[in-house]
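A single structure is presented below for examination.
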Amino acid sequence: CIRDSFSTMILGRIFLQERSSTMTMFTLLPICGGVMLSCSNSVDFSMAGFIAMLLANVCFSGRSVLVRLIHQIDAQCMEPFNFYADLSMYGFIIMLSITAVMEGSSATSAFMSPSPEVLDATGGVLQLLPILLLNTLAYSAGAVASLLLLQRTDLIIHTVISGFRRVFSIILTALYFGAVSYTHLRAHET
């Protein structure tokens, strides 16, 4: 979250000439301190992981900055539903092309006849399709909500909210699937 905020602040300054207020920058410091404290005892550092983390942060931040840049160029194309539909369509075509080149016919056969583990977990291909549809709808609703939020807030605020969204998603998923119980979470608070 904090790394994304700093890279968003830097990219927003470079490409959009947006300046964050001094107060906003100071509010990032306690979060940054907390992240540093939580990572201070880790001995699992690798340069490849560090570079991958930096690249992921720049890409995540770049996405928000790019959306803002497109909005500045043509505000009409920024209506969230149309923008997301266009973005999804172009992304699907690009990813389908890459998959066809890299995987060939094995990708089609894997979807048409999934592995026994997938069939056991989902109950069959016909039961897998509604799950995929529900996942698509949920992801699309989240993406459109994120675009709506980005139109109404500062880049840094959008990034921080997105970071908290990830934390809540992890906690709710863990609670839903029973990986951790509510009483277990309450015990760690004390």
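Within 17 Å of residue 154 (Cβ to Cβ), in contact with an Asp or Glu (Cβ under 6 Å, 6 or more places away or on another chain) and at pLDDT 75 or above: does that describe residue 26?
Against the criterion (within 17 Å of residue 154 (Cβ to Cβ), in contact with an Asp or Glu (Cβ under 6 Å, 6 or more places away or on another chain) and at pLDDT 75 or above), residue 26 does not qualify.
Tell me, yes or no, whether segment 68-79 has at least one residue that is open to solvent by less than 40 Å² (accessible area, probe 1.4 Å), within 19 Å of residue 18 (Cβ to Cβ) and either modelled with pLDDT of 85 or more or assigned to a helix (DSSP H, G or I) (or both).
Yes; the residues of segment 68-79 include at least one that is open to solvent by less than 40 Å² (accessible area, probe 1.4 Å), within 19 Å of residue 18 (Cβ to Cβ) and either modelled with pLDDT of 85 or more or assigned to a helix (DSSP H, G or I) (or both).
Read through the list (1) open to solvent by less than 90 Å² (accessible area, probe 1.4 Å); (2) modelled with pLDDT under 75, then give the number of the only condition that residue 111 fails.
Of the numbered conditions (1) open to solvent by less than 90 Å² (accessible area, probe 1.4 Å); (2) modelled with pLDDT under 75, the odd one out for residue 111 is (1).
Would you mind finding the one in 88, 61, 38, 5 that is under 18 Å from the mean Cα position of the chain (by Cα), at pLDDT below 75 and either in a helix (DSSP H, G or I) or over 26 Å from residue 168 (Cβ atoms) (or both)?
Working: 88 fails: at pLDDT below 75; 61 fails: at pLDDT below 75; 38 fails: under 18 Å from the mean Cα position of the chain (by Cα).
5 is the lone residue from the list that is under 18 Å from the mean Cα position of the chain (by Cα), at pLDDT below 75 and either in a helix (DSSP H, G or I) or over 26 Å from residue 168 (Cβ atoms) (or both).
I'm trying to understand the selection: among the residues of segment 150-160, which are assigned to a helix (DSSP H, G or I) and open to solvent by less than 50 Å² (accessible area, probe 1.4 Å)? Working first, answer last.
Quick first cut of segment 150-160, residues assigned to a helix (DSSP H, G or I) only: 150-152, 155-160.
Hits for segment 150-160 are 150, 155, 156, 158, 159, 160.
Something else: Working carefully through the options 182, 139, find the one that is at pLDDT 80 or above, aromatic (Phe, Trp, Tyr) and open to solvent by 70 Å² or more (accessible area, probe 1.4 Å). Steps first, answer last, please.
On the way: 182 fails: at pLDDT 80 or above.
It is 139.
The values are calculated or read from the model by the stated rules, or taken from the named source; none is laboratory data. Predicted, not measured: the structure shown is a model, and the values here were computed from it. Note: ideal-geometry Cβ built from the backbone for every residue, glycine included; neighbour counts use all protein chains shown. Just so you know, the surface numbers come from the protein's heavy atoms only, side chains and all, with ligands and any DNA or RNA stripped out. Shrake-Rupley method; radii C 1.70, N 1.55, O 1.52, S 1.80 Å.
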